[in-house]
Amino acid sequence: MQCRENKQFGFVHGDICDARLVQSLFRRHDFDLVVHFAAESHVDRSIVSSGRFVRTNVVGTHTLLDCALNAWKSSSADRRFHHVSTDEVFGSLGPADPPFTETSRYDPRSPYAASKAGSDFLVRSYAHTHGLPVTITNCSNNYGPYQFPEKLLPLTIVNAIAGEKLPIYGDGGNIRDWLFVEDHCAGIALVLKHGRLGETYNIGGGAEMANIDLIGLLCDELDRRFAADKSLAASFPRCPAASGGSTRKLITFVKDRPGHDRRYAICADKLAHELKFHAETVLADGLRRTVDWYLNNERWWRAIQTGAYRDWMKKQYGAALTGSNA
Ligand code: DAU
């Protein structure tokens, strides 16, 4: 069933920094569970301008915490505030370093990561000082349907099928651990039900890969798709695969992201041991499902490519995507 068809579902378009609005929602609904996903999340945007990141991620989290504390002060029994965070708070790993655990030292290195670290600390402080019943999860790189095409994977897919260049920062050797979004949600759902209050759990995909290798896989997947389904060439004639070429030829190395973290890797043993969680989606399947989704939902991502999106692309990549390919 679609969420919107569920009678218990309600959507409020608001700002998490708006304390009056958030308070009124707590009064109206007597929430017993808050799952805090809201964030400004794109590292590159935080490098260009970080004020919104501090506002939403730090002030917004503080507002939610305060409202929960006030609403639950008479009794916090059977209540829970769950905070969704990121592995980026732990900084960057060397090639031989062990993966991040829940007790790794915080070492955020972008304004985005610093704002998420600040929000994690606020959540922990409300648990320690005020006894607010909280849990936190720190995840690795998500991918899957409905991801905004500013992140590496959806950006690559929509550019590739439109025959546009695929920007790879630096030497493409930066490593991320890829987590299919449904696995992330399954991990969060388990923590909501059975996670111990006051605890932090890492959620990883167990799929570390260098960006250049990942983008290569994605290009090969598109080539296979176009070879198997000739109707795709009619829908997306500008993709090199439409005329039997290799999508890899769109790969373009561009100027590196300032302060670009080299490697993230997650140790998710705590979640595996305590709650028996394992990410089920292997990377090849997840990529296939993601490519499928973007091929079948052109209307969704075309609607995003408005003026504001085009301005961002121009500001972020400038002439790099109109120059020659690698
Ligand atoms: O690790 C979890 C984090 O993953 C989340 O907390 C962040 O909200 C999310 O944005 C993501 O951060 P990354 O910076 O790793 O994701 P992004 O998709 O921006 O980049 C993934 C990698 O690809 C990174 O090494 C930078 C590189 N990249 C990214 C873009 C947008 C490129 O080479 N070219 C690009 O055009």
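The values are calculated or read from the model by the stated rules, or taken from the named source; none is laboratory data. What you are looking at is a predicted structure, and each value in this text was computed from that prediction instead of being measured. Note that each Cβ is placed from the backbone with ideal geometry, even for glycine, and that neighbours are counted across all protein chains shown. Areas reflect the complete protein model, heavy atoms only, side chains present, ligands, DNA and RNA absent. Shrake-Rupley method; radii C 1.70, N 1.55, O 1.52, S 1.80 Å.
Per-structure values
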{"item": "Proximal charge balance of residue 130 [Cβ under 12 Å; K/R count +1, D/E count -1]", "result": "+1"}
{"item": "Separation in nanometres of the label points that stand 7 Å from Cα toward Cβ, at residue 48 and residue 300", "result": "2.3 nm"}
{"item": "Accessible surface ranking that places the most exposed of 194, 62 first, with a 1.4 angstrom probe", "result": "194, 62"}
{"item": "Lys, Arg +1 and Asp, Glu -1 on Cβ, resulting dipole of the stretch 86-236 about Cα centre, debye, nearest 20", "result": "380 debye"}
{"item": "Radius 14 Å from Cβ of residue 20, net charge of other residues (Lys, Arg +1; Asp, Glu -1)", "result": "-1"}
{"item": "Residue 101 versus residue 284: modelled label distance in nm, points set 7 Å from Cα along the beta carbon direction", "result": "3.3 nm"}
{"item": "Entries of 151/315; 116/255; 255/314; 165/315 with Cα pairs more than 23 Å apart", "result": "116/255"}
{"item": "Antiparallel bridges, percent of DSSP beta bridges restricted to the chain (to nearest 5)", "result": "10 percent"}
{"item": "Positive-end extreme of charge dipole, the chain - chosen from 12, 76, 31 (charges on Cβ)", "result": "12"}
{"item": "Accessible area of the chain belonging to carbon and sulfur atoms, whole % at 1.4 Å probe", "result": "52 percent"}
{"item": "Accessible area (Å², 1.4 Å probe, nearest 10) - residue 289", "result": "100 Å²"}
{"item": "Neighbourhood net charge (15 Å Cβ-Cβ; Lys/Arg +1, Asp/Glu -1) for residue 141", "result": "-4"}
{"item": "Relative counts (whole %) of C-alpha pair distances in the chain, using bins that are 20 Å wide", "result": "29, 57, 14, 0"}
{"item": "Neighbour cut-off at most 13 other Cβ (10 Å), DSSP loop, GluC sites (Glu not before Pro), the stretch 251-301", "result": "280"}
{"item": "Expected 222 nm ellipticity per residue - DSSP helices of 4 or more, -39500 (n - 2.57), all of the chain, to 500", "result": "-12500 deg cm²/dmol"}
{"item": "The chain, accessible area per residue, ligands and nucleic acids excluded (1.4 Å, Å²)", "result": "50 Å²"}
{"item": "Trypsin sites (Lys or Arg not before Pro) lying in DSSP loop within the stretch 1-101, provided at most 14 other Cβ fall within 10 Å", "result": "7, 73"}
